[in-house]
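To start, the structure under review is shown below, and the notes come after it.
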Amino acid sequence: MQAALLGGIALSGGAALSAVGTHQRRSSMLTLPQAADLAGLAPSSAALKSQSLALGRLFPALLDPDAEGAPFIANTLSSGDSFAGLIRQGEPGNSVFLRQPGARAIIPWTPVFIRENSQLLQLPSSVTRQIDCSDLLVMNESSTRHPVFGNKARKYEFVLPNLKWSGAKRLGTIGAISSNHALQFALANRVADLTGDGQPLNCALDLVLFEVPGAVTDIARLAILRGLAEHVAIAKNDLELAGEASQEYAKSWLHPDTDLLVPPGGSNEVSVLGHMNAIAELAHFLDAAQAWNAPPDVIFVAMGSGSTVLGLLLGVHLMGWKTKVVGVADQDKSYLTRWLVNRQPSLPFVEGNVAKLARSTVDWLQKIRFPGNSPDVLRVMQDEIFLPDSTSWQPGYGLVEDTDLAWANELKEAGLSLDPVFTLKAWRSLLTMSQAGALKNKRVLFWNTYNSFDYMPSLLSSLG
(Lines give C-alpha, C1' and ligand atoms only; values in the text may rest on other atoms or scores of the structure.)
Protein backbone atom coordinates (compact mmCIF):
# COMPACT_ATOMS: atom_id res chain seq x y z
CA MET A 1 0.00 0.00 0.00
CA GLN A 2 2.90 2.35 0.66
CA ALA A 3 3.65 4.46 -2.43
CA ALA A 4 5.81 7.41 -3.32
CA LEU A 5 4.34 10.73 -2.24
CA LEU A 6 6.86 12.71 -4.23
CA GLY A 7 7.05 10.69 -7.42
CA GLY A 8 6.78 12.40 -10.77
CA ILE A 9 5.70 15.82 -11.90
CA ALA A 10 1.93 16.11 -11.32
CA LEU A 11 -0.43 18.56 -12.90
CA SER A 12 -3.17 20.14 -10.80
CA GLY A 13 -5.80 17.66 -9.69
CA GLY A 14 -9.09 17.70 -11.54
CA ALA A 15 -12.07 15.72 -12.60
CA ALA A 16 -12.44 14.04 -15.97
CA LEU A 17 -14.02 16.33 -18.51
CA SER A 18 -14.71 16.02 -22.18
CA ALA A 19 -13.64 17.73 -25.34
CA VAL A 20 -17.23 17.32 -26.52
CA GLY A 21 -19.82 19.09 -24.39
CA THR A 22 -23.26 20.62 -24.42
CA HIS A 23 -23.15 24.25 -23.39
CA GLN A 24 -26.12 24.95 -21.17
CA ARG A 25 -25.98 28.71 -20.73
CA ARG A 26 -29.61 29.54 -20.22
CA SER A 27 -31.22 31.95 -22.64
CA SER A 28 -33.97 32.49 -20.07
CA MET A 29 -32.12 33.08 -16.81
CA LEU A 30 -33.62 32.08 -13.48
CA THR A 31 -34.01 35.07 -11.20
CA LEU A 32 -31.53 34.65 -8.40
CA PRO A 33 -33.14 35.07 -4.97
CA GLN A 34 -31.62 37.53 -2.55
CA ALA A 35 -29.18 36.15 0.00
CA ALA A 36 -31.80 36.76 2.71
CA ASP A 37 -33.91 33.96 1.20
CA LEU A 38 -31.14 31.54 2.17
CA ALA A 39 -29.99 33.19 5.38
CA GLY A 40 -31.77 30.65 7.56
CA LEU A 41 -29.42 27.96 6.30
CA ALA A 42 -26.37 29.55 7.96
CA PRO A 43 -25.49 29.73 11.67
CA SER A 44 -25.97 33.10 13.34
CA SER A 45 -23.15 35.61 13.16
CA ALA A 46 -23.07 35.74 16.96
CA ALA A 47 -22.48 31.98 17.17
CA LEU A 48 -19.78 32.11 14.51
CA LYS A 49 -17.98 34.97 16.26
CA SER A 50 -17.49 32.68 19.25
CA GLN A 51 -15.39 30.27 17.21
CA SER A 52 -11.60 30.32 17.47
CA LEU A 53 -8.74 28.96 15.41
CA ALA A 54 -7.39 25.83 17.09
CA LEU A 55 -3.96 26.31 15.50
CA GLY A 56 -3.67 29.43 17.62
CA ARG A 57 -3.51 27.28 20.76
CA LEU A 58 -0.57 25.43 19.26
CA PHE A 59 1.17 28.53 17.88
CA PRO A 60 -0.10 31.70 19.64
CA ALA A 61 1.94 33.93 17.30
CA LEU A 62 -0.49 33.08 14.49
CA LEU A 63 -3.23 35.07 16.26
CA ASP A 64 -1.04 37.86 17.60
CA PRO A 65 -1.07 40.90 15.29
CA ASP A 66 2.14 42.20 16.89
CA ALA A 67 4.15 38.96 16.79
CA GLU A 68 7.03 38.29 14.43
CA GLY A 69 8.41 35.21 12.73
CA ALA A 70 5.08 33.71 11.67
CA PRO A 71 2.13 34.74 9.50
CA PHE A 72 -0.86 36.46 11.12
CA ILE A 73 -4.20 34.68 10.62
CA ALA A 74 -6.87 37.36 10.87
CA ASN A 75 -10.39 36.38 11.94
CA THR A 76 -12.49 38.54 9.64
CA LEU A 77 -15.53 38.34 11.97
CA SER A 78 -13.73 39.75 14.99
CA SER A 79 -10.87 41.80 13.59
CA GLY A 80 -11.48 45.52 13.38
CA ASP A 81 -8.65 45.93 10.90
CA SER A 82 -9.48 46.89 7.34
CA PHE A 83 -7.91 44.96 4.48
CA ALA A 84 -8.06 48.02 2.25
CA GLY A 85 -4.62 49.01 1.03
CA LEU A 86 -3.00 45.64 1.69
CA ILE A 87 -0.64 44.24 -0.95
CA ARG A 88 -1.75 40.89 -2.36
CA GLN A 89 0.79 38.22 -3.27
CA GLY A 90 -0.54 35.26 -5.22
CA GLU A 91 -3.65 34.62 -7.26
CA PRO A 92 -7.13 35.38 -5.86
CA GLY A 93 -8.24 32.77 -3.35
CA ASN A 94 -4.67 31.54 -2.85
CA SER A 95 -2.90 34.66 -1.60
CA VAL A 96 -1.22 36.24 1.36
CA PHE A 97 -1.56 39.95 2.12
CA LEU A 98 1.13 42.40 3.25
CA ARG A 99 0.96 45.81 4.86
CA GLN A 100 4.12 46.75 2.97
CA PRO A 101 6.64 44.94 0.77
CA GLY A 102 8.58 42.33 2.72
CA ALA A 103 6.25 42.57 5.73
CA ARG A 104 4.68 39.72 7.67
CA ALA A 105 2.16 37.63 5.71
CA ILE A 106 -1.51 38.06 6.67
CA ILE A 107 -4.02 35.28 5.93
CA PRO A 108 -7.76 35.97 6.34
CA TRP A 109 -9.88 33.29 8.03
CA THR A 110 -13.65 33.26 8.54
CA PRO A 111 -15.41 30.63 10.67
CA VAL A 112 -18.47 29.48 8.72
CA PHE A 113 -19.62 26.50 10.82
CA ILE A 114 -19.93 25.64 14.51
CA ARG A 115 -17.41 23.26 16.05
CA GLU A 116 -18.96 20.82 18.49
CA ASN A 117 -17.50 18.10 20.69
CA SER A 118 -20.31 15.88 19.39
CA GLN A 119 -18.34 15.62 16.12
CA LEU A 120 -16.25 13.00 17.92
CA LEU A 121 -18.45 9.93 17.62
CA GLN A 122 -18.26 6.61 19.48
CA LEU A 123 -19.84 3.83 17.41
CA PRO A 124 -21.87 1.11 19.18
CA SER A 125 -20.25 -2.17 20.12
CA SER A 126 -22.33 -3.95 17.46
CA VAL A 127 -20.06 -2.21 14.92
CA THR A 128 -16.75 -1.99 16.74
CA ARG A 129 -16.63 -5.65 17.84
CA GLN A 130 -16.41 -6.59 14.15
CA ILE A 131 -13.18 -4.61 13.77
CA ASP A 132 -9.93 -5.91 15.22
CA CYS A 133 -8.43 -2.82 16.83
CA SER A 134 -7.85 -1.43 20.30
CA ASP A 135 -10.46 1.32 19.95
CA LEU A 136 -12.35 3.10 17.18
CA LEU A 137 -13.61 6.69 17.07
CA VAL A 138 -15.09 8.79 14.27
CA MET A 139 -14.39 12.44 13.50
CA ASN A 140 -17.80 13.13 12.01
CA GLU A 141 -17.76 16.15 9.71
CA SER A 142 -21.46 15.79 9.03
CA SER A 143 -24.53 17.79 9.99
CA THR A 144 -28.25 17.31 9.48
CA ARG A 145 -28.84 20.99 10.38
CA HIS A 146 -26.25 22.97 8.39
CA PRO A 147 -25.66 22.59 4.65
CA VAL A 148 -22.15 24.14 4.68
CA PHE A 149 -20.27 22.13 7.23
CA GLY A 150 -17.10 20.24 7.99
CA ASN A 151 -14.89 19.00 5.19
CA LYS A 152 -15.68 21.53 2.45
CA ALA A 153 -16.45 24.31 4.89
CA ARG A 154 -12.94 24.03 6.36
CA LYS A 155 -11.50 24.85 2.94
CA TYR A 156 -13.92 27.70 2.32
CA GLU A 157 -13.08 29.28 5.68
CA PHE A 158 -9.75 30.22 4.11
CA VAL A 159 -10.65 30.42 0.41
CA LEU A 160 -13.79 32.62 0.61
CA PRO A 161 -12.31 35.51 2.65
CA ASN A 162 -9.19 35.27 0.52
CA LEU A 163 -11.34 35.80 -2.56
CA LYS A 164 -13.14 38.71 -0.89
CA TRP A 165 -9.91 40.43 0.12
CA SER A 166 -8.68 39.85 -3.44
CA GLY A 167 -11.69 41.75 -4.81
CA ALA A 168 -13.12 38.82 -6.80
CA LYS A 169 -16.42 39.60 -8.50
CA ARG A 170 -16.92 36.68 -10.86
CA LEU A 171 -15.82 33.06 -10.36
CA GLY A 172 -16.04 29.68 -11.98
CA THR A 173 -15.54 26.19 -10.63
CA ILE A 174 -15.84 22.62 -11.92
CA GLY A 175 -16.96 19.19 -10.75
CA ALA A 176 -19.42 16.40 -11.37
CA ILE A 177 -23.13 17.20 -11.33
CA SER A 178 -23.15 15.28 -8.04
CA SER A 179 -20.10 17.19 -6.76
CA ASN A 180 -20.20 18.14 -3.08
CA HIS A 181 -17.84 21.00 -3.88
CA ALA A 182 -20.00 22.46 -6.65
CA LEU A 183 -23.09 22.55 -4.43
CA GLN A 184 -21.46 23.65 -1.18
CA PHE A 185 -19.27 26.28 -2.82
CA ALA A 186 -22.24 27.73 -4.72
CA LEU A 187 -24.19 27.90 -1.46
CA ALA A 188 -21.33 29.20 0.69
CA ASN A 189 -20.76 31.95 -1.88
CA ARG A 190 -24.31 33.11 -1.16
CA VAL A 191 -24.72 32.62 2.59
CA ALA A 192 -21.34 32.58 4.40
CA ASP A 193 -21.00 35.86 6.31
CA LEU A 194 -17.42 37.07 5.78
CA THR A 195 -17.59 40.35 7.68
CA GLY A 196 -19.74 39.85 10.78
CA ASP A 197 -22.45 42.12 9.44
CA GLY A 198 -24.05 39.75 6.96
CA GLN A 199 -21.91 40.20 3.85
CA PRO A 200 -21.22 36.98 1.92
CA LEU A 201 -18.90 36.82 -1.07
CA ASN A 202 -21.92 36.66 -3.42
CA CYS A 203 -19.84 36.55 -6.62
CA ALA A 204 -21.39 35.85 -9.99
CA LEU A 205 -20.68 32.15 -10.43
CA ASP A 206 -20.23 29.92 -13.47
CA LEU A 207 -20.29 26.13 -13.03
CA VAL A 208 -18.83 23.61 -15.47
CA LEU A 209 -20.31 20.25 -14.53
CA PHE A 210 -19.54 16.89 -16.04
CA GLU A 211 -21.74 13.84 -16.27
CA VAL A 212 -20.58 10.71 -14.45
CA PRO A 213 -20.65 7.68 -16.79
CA GLY A 214 -23.31 5.18 -15.76
CA ALA A 215 -24.97 7.54 -13.29
CA VAL A 216 -28.40 9.07 -13.76
CA THR A 217 -28.33 12.88 -13.62
CA ASP A 218 -29.99 14.17 -10.45
CA ILE A 219 -32.44 16.67 -11.94
CA ALA A 220 -33.40 18.19 -8.58
CA ARG A 221 -29.75 18.78 -7.67
CA LEU A 222 -29.10 20.30 -11.09
CA ALA A 223 -32.07 22.63 -10.61
CA ILE A 224 -30.61 23.81 -7.31
CA LEU A 225 -27.22 24.43 -8.90
CA ARG A 226 -28.85 26.43 -11.67
CA GLY A 227 -30.64 28.51 -9.07
CA LEU A 228 -27.43 29.25 -7.17
CA ALA A 229 -25.17 29.94 -10.16
CA GLU A 230 -25.48 32.43 -12.98
CA HIS A 231 -24.38 30.06 -15.73
CA VAL A 232 -24.17 26.27 -15.88
CA ALA A 233 -22.43 24.20 -18.55
CA ILE A 234 -22.87 20.43 -18.80
CA ALA A 235 -19.90 18.55 -20.26
CA LYS A 236 -20.20 15.08 -21.71
CA ASN A 237 -17.60 12.56 -20.63
CA ASP A 238 -16.64 11.36 -24.09
CA LEU A 239 -12.91 12.09 -23.85
CA GLU A 240 -11.08 11.88 -20.55
CA LEU A 241 -9.00 14.89 -19.60
CA ALA A 242 -7.22 15.55 -16.33
CA GLY A 243 -5.30 18.11 -14.32
CA GLU A 244 -4.47 21.38 -16.03
CA ALA A 245 -6.07 20.10 -19.24
CA SER A 246 -9.45 19.85 -17.52
CA GLN A 247 -9.10 23.35 -16.10
CA GLU A 248 -8.06 24.82 -19.43
CA TYR A 249 -11.06 23.09 -21.02
CA ALA A 250 -13.38 24.48 -18.35
CA LYS A 251 -12.09 28.02 -18.91
CA SER A 252 -13.47 27.93 -22.45
CA TRP A 253 -16.99 27.79 -20.98
CA LEU A 254 -16.61 30.68 -18.57
CA HIS A 255 -17.68 34.30 -18.88
CA PRO A 256 -14.85 36.43 -20.34
CA ASP A 257 -14.82 38.59 -17.18
CA THR A 258 -14.30 35.65 -14.81
CA ASP A 259 -11.59 36.49 -12.26
CA LEU A 260 -10.65 32.92 -11.36
CA LEU A 261 -11.46 29.26 -11.86
CA VAL A 262 -11.62 27.83 -8.32
CA PRO A 263 -9.77 24.47 -8.39
CA PRO A 264 -11.67 21.16 -8.31
CA GLY A 265 -12.73 20.30 -4.79
CA GLY A 266 -11.71 23.79 -3.66
CA SER A 267 -8.18 22.47 -3.08
CA ASN A 268 -5.19 24.79 -3.16
CA GLU A 269 -2.32 25.70 -0.84
CA VAL A 270 -4.39 28.08 1.31
CA SER A 271 -7.22 25.56 1.73
CA VAL A 272 -4.80 22.99 3.18
CA LEU A 273 -4.75 25.13 6.34
CA GLY A 274 -8.33 24.02 6.96
CA HIS A 275 -7.41 20.46 7.89
CA MET A 276 -4.14 21.41 9.53
CA ASN A 277 -6.44 23.30 11.87
CA ALA A 278 -8.77 20.29 12.05
CA ILE A 279 -6.02 18.16 13.60
CA ALA A 280 -5.53 20.80 16.29
CA GLU A 281 -9.30 20.68 16.90
CA LEU A 282 -9.17 16.89 17.09
CA ALA A 283 -6.50 17.10 19.79
CA HIS A 284 -8.77 19.46 21.76
CA PHE A 285 -11.81 17.17 21.32
CA LEU A 286 -9.84 14.13 22.47
CA ASP A 287 -8.65 15.98 25.57
CA ALA A 288 -12.13 17.31 26.37
CA ALA A 289 -13.74 13.89 25.97
CA GLN A 290 -10.92 12.15 27.82
CA ALA A 291 -11.33 9.49 25.17
CA TRP A 292 -7.71 8.45 24.67
CA ASN A 293 -4.56 9.15 26.61
CA ALA A 294 -2.54 9.25 23.37
CA PRO A 295 -3.09 10.34 19.75
CA PRO A 296 -4.63 7.94 17.21
CA ASP A 297 -2.31 5.35 15.74
CA VAL A 298 -4.10 5.37 12.38
CA ILE A 299 -6.46 7.81 10.63
CA PHE A 300 -8.54 6.73 7.64
CA VAL A 301 -9.77 9.47 5.30
CA ALA A 302 -11.12 9.68 1.75
CA MET A 303 -8.73 11.20 -0.79
CA GLY A 304 -9.89 13.16 -3.84
CA SER A 305 -8.61 16.59 -4.84
CA GLY A 306 -5.98 16.42 -2.12
CA SER A 307 -6.11 19.25 0.40
CA THR A 308 -8.02 17.33 3.08
CA VAL A 309 -5.58 14.43 3.34
CA LEU A 310 -2.59 16.78 2.95
CA GLY A 311 -3.90 19.02 5.72
CA LEU A 312 -4.23 16.02 8.02
CA LEU A 313 -0.69 14.91 7.15
CA LEU A 314 0.76 18.33 7.87
CA GLY A 315 -1.35 18.66 11.02
CA VAL A 316 -0.07 15.33 12.35
CA HIS A 317 3.47 16.53 11.63
CA LEU A 318 2.87 19.83 13.45
CA MET A 319 1.52 17.98 16.49
CA GLY A 320 4.54 15.66 16.55
CA TRP A 321 2.28 12.60 16.48
CA LYS A 322 3.40 9.21 15.17
CA THR A 323 0.01 8.70 13.53
CA LYS A 324 -0.27 7.01 10.13
CA VAL A 325 -2.75 8.66 7.75
CA VAL A 326 -4.37 6.25 5.28
CA GLY A 327 -5.61 8.30 2.32
CA VAL A 328 -8.13 6.29 0.30
CA ALA A 329 -8.43 7.31 -3.37
CA ASP A 330 -11.90 7.91 -4.80
CA GLN A 331 -10.87 6.83 -8.31
CA ASP A 332 -8.01 5.99 -10.62
CA LYS A 333 -7.37 6.76 -14.27
CA SER A 334 -5.85 5.09 -17.28
CA TYR A 335 -2.09 4.79 -17.77
CA LEU A 336 -2.34 7.54 -20.40
CA THR A 337 -4.02 9.93 -17.97
CA ARG A 338 -1.55 9.02 -15.24
CA TRP A 339 1.23 9.95 -17.62
CA LEU A 340 -0.46 13.27 -18.41
CA VAL A 341 -0.87 14.01 -14.70
CA ASN A 342 2.48 12.94 -13.23
CA ARG A 343 4.66 11.57 -16.06
CA GLN A 344 4.76 8.26 -14.20
CA PRO A 345 2.06 5.86 -15.36
CA SER A 346 2.84 3.59 -12.41
CA LEU A 347 1.79 6.33 -9.93
CA PRO A 348 -1.99 6.23 -9.26
CA PHE A 349 -3.93 9.28 -10.38
CA VAL A 350 -5.07 10.66 -7.02
CA GLU A 351 -1.65 10.17 -5.44
CA GLY A 352 -0.24 12.35 -8.22
CA ASN A 353 -2.61 15.14 -7.20
CA VAL A 354 -1.53 14.90 -3.57
CA ALA A 355 2.14 14.76 -4.55
CA LYS A 356 2.06 18.02 -6.50
CA LEU A 357 -0.04 19.80 -3.89
CA ALA A 358 2.32 18.59 -1.15
CA ARG A 359 5.37 20.07 -2.86
CA SER A 360 3.77 23.42 -3.62
CA THR A 361 2.15 23.72 -0.18
CA VAL A 362 5.32 22.95 1.76
CA ASP A 363 7.20 25.47 -0.37
CA TRP A 364 4.48 28.07 0.33
CA LEU A 365 4.47 27.37 4.08
CA GLN A 366 8.22 27.80 4.21
CA LYS A 367 8.07 31.09 2.31
CA ILE A 368 5.53 32.57 4.72
CA ARG A 369 7.48 31.14 7.71
CA PHE A 370 4.63 29.02 9.02
CA PRO A 371 5.81 27.52 12.33
CA GLY A 372 6.30 23.86 13.15
CA ASN A 373 7.34 22.42 9.79
CA SER A 374 10.69 20.68 9.79
CA PRO A 375 13.03 21.15 6.81
CA ASP A 376 12.47 17.51 5.83
CA VAL A 377 8.68 17.54 6.14
CA LEU A 378 8.14 16.06 2.66
CA ARG A 379 10.36 13.10 3.47
CA VAL A 380 8.68 12.64 6.86
CA MET A 381 5.23 12.60 5.26
CA GLN A 382 6.31 10.14 2.58
CA ASP A 383 8.31 7.76 4.73
CA GLU A 384 6.66 7.99 8.14
CA ILE A 385 3.06 9.27 7.92
CA PHE A 386 1.34 8.76 4.57
CA LEU A 387 -0.18 5.41 3.58
CA PRO A 388 -2.02 5.88 0.26
CA ASP A 389 -4.62 3.27 -0.66
CA SER A 390 -5.33 3.42 -4.39
CA THR A 391 -7.14 0.11 -4.69
CA SER A 392 -10.21 0.40 -2.46
CA TRP A 393 -11.96 2.71 -4.94
CA GLN A 394 -12.81 -0.29 -7.11
CA PRO A 395 -15.11 -1.45 -8.71
CA GLY A 396 -15.47 2.12 -10.00
CA TYR A 397 -16.01 5.78 -9.21
CA GLY A 398 -19.14 5.92 -7.05
CA LEU A 399 -19.78 2.19 -7.43
CA VAL A 400 -19.93 -0.18 -4.47
CA GLU A 401 -20.52 -3.87 -3.76
CA ASP A 402 -23.46 -5.38 -1.90
CA THR A 403 -21.27 -5.89 1.17
CA ASP A 404 -20.50 -2.16 1.17
CA LEU A 405 -24.20 -1.33 1.07
CA ALA A 406 -24.84 -3.67 3.98
CA TRP A 407 -22.20 -1.82 5.99
CA ALA A 408 -23.64 1.54 4.92
CA ASN A 409 -27.05 0.56 6.26
CA GLU A 410 -25.64 -0.72 9.54
CA LEU A 411 -23.53 2.39 10.04
CA LYS A 412 -26.46 4.68 9.24
CA GLU A 413 -28.48 2.98 11.98
CA ALA A 414 -25.53 3.63 14.28
CA GLY A 415 -25.58 7.35 13.42
CA LEU A 416 -22.90 7.47 10.72
CA SER A 417 -23.93 8.23 7.13
CA LEU A 418 -21.42 7.45 4.37
CA ASP A 419 -21.50 8.05 0.63
CA PRO A 420 -20.50 5.62 -2.18
CA VAL A 421 -18.03 7.97 -3.89
CA PHE A 422 -15.66 8.74 -1.02
CA THR A 423 -16.31 7.68 2.56
CA LEU A 424 -17.70 4.20 2.00
CA LYS A 425 -14.51 3.38 0.09
CA ALA A 426 -12.46 4.65 3.07
CA TRP A 427 -14.50 2.40 5.36
CA ARG A 428 -13.76 -0.55 3.07
CA SER A 429 -10.05 0.23 3.42
CA LEU A 430 -10.39 0.19 7.21
CA LEU A 431 -12.12 -3.20 7.09
CA THR A 432 -9.51 -4.63 4.74
CA MET A 433 -6.65 -3.59 7.01
CA SER A 434 -8.52 -4.90 10.04
CA GLN A 435 -9.04 -8.29 8.41
CA ALA A 436 -5.33 -8.41 7.59
CA GLY A 437 -4.48 -7.82 11.26
CA ALA A 438 -2.84 -4.46 10.55
CA LEU A 439 -4.98 -2.60 13.11
CA LYS A 440 -4.58 -4.98 16.02
CA ASN A 441 -4.01 -3.07 19.29
CA LYS A 442 -4.25 0.24 17.37
CA ARG A 443 -6.29 3.33 18.22
CA VAL A 444 -8.14 3.97 14.96
CA LEU A 445 -9.85 7.19 13.90
CA PHE A 446 -12.20 7.24 10.91
CA TRP A 447 -12.52 10.75 9.41
CA ASN A 448 -15.96 11.10 7.86
CA THR A 449 -15.92 13.85 5.21
CA TYR A 450 -19.50 13.29 4.00
CA ASN A 451 -22.06 15.92 5.02
CA SER A 452 -25.43 14.15 5.23
CA PHE A 453 -27.55 17.32 5.21
CA ASP A 454 -30.64 16.85 3.02
CA TYR A 455 -30.26 19.75 0.61
CA MET A 456 -33.26 19.07 -1.59
CA PRO A 457 -36.29 20.24 0.43
CA SER A 458 -34.54 23.20 2.08
CA LEU A 459 -32.90 24.59 -1.05
CA LEU A 460 -35.71 23.83 -3.48
CA SER A 461 -38.18 25.68 -1.25
CA SER A 462 -35.76 28.59 -0.77
CA LEU A 463 -35.05 28.90 -4.47
CA GLY A 464 -38.69 28.65 -5.41
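The values are calculated or read from the model by the stated rules, or taken from the named source; none is laboratory data. Bear in mind that the values here come from a model prediction, so they are computed numbers and not experimental data. No Cβ is skipped: glycine too gets one built from the backbone with ideal geometry, and neighbour counts run over all protein chains shown. Quick note on the areas: whole protein, heavy atoms, side chains included, nothing else; ligands and nucleic acids left out. Shrake-Rupley method; radii C 1.70, N 1.55, O 1.52, S 1.80 Å.
Please specify each residue of the range 121-136 satisfying the condition of being exposed (fewer than 15 other Cβ atoms within 10 Å of the Cβ) and not in a loop (DSSP other than H, G, I, E, B).
Those that are exposed (fewer than 15 other Cβ atoms within 10 Å of the Cβ) and not in a loop (DSSP other than H, G, I, E, B): S125, S126.
Out of curiosity, is G102 modelled with pLDDT under 95, open to solvent by 10 Å² or more (accessible area, probe 1.4 Å), on the phi > 0 side of the Ramachandran plot and assigned to a loop (DSSP other than H, G, I, E, B)?
yes
Please specify each residue of the range 48-71 satisfying the condition of being within 26 Å of N189 (Cβ to Cβ) and either touching a helix residue (DSSP H, G or I) at 6+ places or on another chain (Cβ under 7 Å) or open to solvent by less than 20 Å² (accessible area, probe 1.4 Å) (or both).
Pass one, the range 48-71, residues within 26 Å of N189 (Cβ to Cβ): 48-55, 71.
Within the range 48-71, L48, L53, A54, L55, P71 meet the criteria.
Could you tell me how many of the residues in the range 427-450 are more than 18 Å from W393 (Cα to Cα) and in contact with a strand residue (DSSP E or B) (Cβ under 8 Å, 6 or more places away or on another chain)?
Counting residues in the range 427-450 that are more than 18 Å from W393 (Cα to Cα) and in contact with a strand residue (DSSP E or B) (Cβ under 8 Å, 6 or more places away or on another chain) gives 5.
Can you confirm whether the range 154-165 contains a residue that is within 20 Å of L273 (Cβ to Cβ) and of a type in the set (S, T, Y)? Full working, then the answer.
Looking only at the range 154-165, we keep the residues that are within 20 Å of L273 (Cβ to Cβ), and these are 154-165.
From the residues that got through so far, the ones that are of a type in the set (S, T, Y) too are 156.
Among the residues of the range 154-165, at least one is within 20 Å of L273 (Cβ to Cβ) and of a type in the set (S, T, Y), which makes the answer yes.
Looking at the range 293-301, can you tell me whether even one residue there is in contact with a Phe, Trp or Tyr (Cβ under 6 Å, 6 or more places away or on another chain) and among the aromatic types (F, W, Y)?
Taking every residue of the range 293-301 in turn, at least one turns out to be in contact with a Phe, Trp or Tyr (Cβ under 6 Å, 6 or more places away or on another chain) and among the aromatic types (F, W, Y).
Kindly indicate which of S78, S95 is closer than 15 Å to P161 by Cα and open to solvent by 30 Å² or more (accessible area, probe 1.4 Å).
Working: S95 fails: open to solvent by 30 Å² or more (accessible area, probe 1.4 Å).
Being closer than 15 Å to P161 by Cα and open to solvent by 30 Å² or more (accessible area, probe 1.4 Å) holds for just one of S78, S95, which is S78.
Listed here are the residues, each with its yes/no results for (1) modelled with pLDDT under 90; (2) among the aromatic types (F, W, Y).
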site	(1), (2)
S307	no, no
G315	no, no
T323	no, no
V326	no, no
A329	no, no
Y335	yes, yes
N353	yes, no
S360	no, no
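Could you say which residue among A182, A176 is more than 14 Å from the chain's Cα centre (by Cα), at pLDDT below 95, crowded, with 20+ Cβ neighbours inside 10 Å and of a type in the set (G, A, S)?
Numbers: A182 fails: more than 14 Å from the chain's Cα centre (by Cα).
Answer to the check: A176.
Look through D383, D402, D376 and report the one residue that is surrounded by fewer than 15 Cβ atoms within 10 Å (Cβ to Cβ), within 30 Å of G102 (Cβ to Cβ) and free of Cβ contacts under 8 Å to residues at least 12 places away in the same chain.
D376
List pairs: first in the range 196-209 and of a type in the set (D, E, K, R), second in a loop (DSSP other than H, G, I, E, B), Cβ under 9 Å, 6+ apart or cross-chain?
Short answer, once both residue conditions are applied: D206/R25; D206/A229; D206/E230; D206/W253; D206/L254; D206/H255; D206/T258.
Here is a yes/no grid of residues against (1) over 20 Å from S95 (Cα atoms); (2) touching a Phe, Trp or Tyr at 6+ places or on another chain (Cβ under 7 Å):
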residue: T144; (1), (2): yes, yes
residue: K155; (1), (2): no, no
residue: V159; (1), (2): no, no
residue: S166; (1), (2): no, no
residue: T173; (1), (2): no, yes
residue: A176; (1), (2): yes, yes
residue: S179; (1), (2): yes, no
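Would you call W339 touching a strand residue (DSSP E or B) at 6+ places or on another chain (Cβ under 8 Å), open to solvent by 20 Å² or more (accessible area, probe 1.4 Å) and modelled with pLDDT under 95?
Numbers: touching a strand residue (DSSP E or B) at 6+ places or on another chain (Cβ under 8 Å): no; open to solvent by 20 Å² or more (accessible area, probe 1.4 Å): yes; modelled with pLDDT under 95: yes.
No; evaluated as a whole, the condition is false for this residue.
From the set of residues in the range 342-372 that are in contact with a strand residue (DSSP E or B) (Cβ under 7 Å, 6 or more places away or on another chain) and part of a loop (DSSP other than H, G, I, E, B), which is farthest from K442 (Cα to Cα)? Give the steps one after another, and end with the answer.
The initial filter retains those residues of the range 342-372 that are in contact with a strand residue (DSSP E or B) (Cβ under 7 Å, 6 or more places away or on another chain), namely 348, 350-351, 354, 368.
From the residues that got through so far, the ones that are part of a loop (DSSP other than H, G, I, E, B) too are 348, 368.
On the way: P348: 27, I368: 36 Å.
Once the filter is applied, the top-ranked residue is I368.
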